[in-house]
């Protein structure tokens, strides 16, 4: 076969892992049968998923063809792309073992990870890495020759999905001195775009793109939350600390920002809204954003633009933190499902009664693994715990989600 080296390597990797059509078809059928058998509050290990894609030398050097993406320090959030029936993931490590701008999807139907954007050259903690030959300063942005972000940050909770434009949205905040990096490339820092470093990734085309917006702009603190809200036709960007006290809206169609003036009437934003390194989700049934930050739970009423610190009964849940807890909305029950990646525990949150309850799933326990990821698949009505290739599925309520 006369194929590019990366493609040929990917086919060889797939063959080595047993990714043949017949075997995959039989394996996938067994996975779907196991999912069909899951009842309320039951869990099962589904097996080892495939890892597929055009793996370049960077991906191969870091073993991504063997493990998939793995969680990455403060990059553990996955988001759901309904039209693809897949969960999406991106984000950088601190620096160990790498800092990459790759993008992945997990498809339970095909039972595998797929690399949608092979990584550009690895970056260093505060710079462009040992090889910046793939980086340019263009139109005010540090961008790679393939169009990806040349400075890549943690996602914290600053990752969401725009289902209308079918794009991943990522507030790509990081500590790098970008003016210094621009000068290193021979550019003029005065020409650098100074607004929020918001990027989109379009899975259908496999392309990153920076989003330039007019003033006014929100601040861009670390550890903030970006969450798409269909009723607002955009994504909220929220933080409550010294860097920014506010909840802003990014209007997707107009490509502009405006301050929602949350809690303006009561003047109690600082006491009632969550702060740094929160986790949260949008609840379309109730018109809420539910957030967990440290040992507190918060509701944001979308219609009234108001945050409330919720008093919860007993509150046995662990602290919400974007480095070690994942929080997702369960469409079938309307509950929030929180997974503690450190303690391997699970909790359910009932917003109507402001009550957390520890879960003890029946069936297989969560698998081990140092850098797992959690994803919600509302189409198949399961929460997934993915430790490299090992996939564990949990069904909170055995009924078909309303569509």
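Side notes on the structure shown:
- Rg/Rh (Cα only; Kirkwood hydrodynamic radius) as it applies to the stretch 77-194: 1.00
- Relative contact order (%) - the stretch 204-275, alpha-carbon pairs under 8 angstrom, separation at least six: 27 percent
- Length-normalised contact order of the chain in % [C-alpha pairs under 8 Å, at least 6 apart]: 16 percent
- Considering only 234, 127, 186, the mean-square fluctuation computed in a Gaussian network model of the chain, springs between alpha carbons under 10 angstrom, is largest for 186.
- A full extension of the chain between residue 215 and residue 233 corresponds to an added length of 4.6 nm, given 0.36 nm per residue minus the alpha carbon distance.
- Label-point gap, in nm, between residue 61 and residue 242 - each point 7 angstrom along Cα→Cβ: 3.9 nm
- Correct choice for percent of Cα pairs over 41 Å apart that was computed from the model, options (i) 32; (ii) 23; (iii) 13: (iii)
- Share antiparallel - DSSP beta bridges, the stretch 5-395, percent rounded to 5: 95 percent
- With a Förster radius of 30 Å applied to the beta-carbon distance between residue 33 and residue 84, the computed FRET efficiency rounds to 0.85.
- Distance between the C-alpha centres of the stretch 53-121 and the stretch 265-279: 32 Å, rounded to the whole angstrom.
- When both the stretch 123-188 and the stretch 289-333 are represented by their alpha-carbon centers, they are found 30 Å apart.
- By the count of other C-beta atoms within 10 Å, a proxy for reagent exposure, 385, 269, 170 are ordered fewest to most as 269, 385, 170.
- Entry note, the chain: the mean residue ellipticity at 222 nm calculated from DSSP H runs of n ≥ 4, each adding -39500 (n - 2.57), is -3500 deg cm²/dmol after division by the residues and rounding to the nearest 500.
- GNM remark for the chain: springs join alpha carbons under 10 Å apart, and the peak mean-square fluctuation among 312, 205, 78 falls on 205.
- Look at the alpha carbon pairs under 8 Å that are at least 6 residues apart: their mean separation over the length of the stretch 342-403 gives a relative contact order of 21 percent.
Every read-out reported here was derived from the displayed coordinates using simple, explicitly stated rules and does not represent laboratory data. Since we're looking at a predicted model, the values are computed, not measured. Note: ideal-geometry Cβ built from the backbone for every residue, glycine included; neighbour counts use all protein chains shown.
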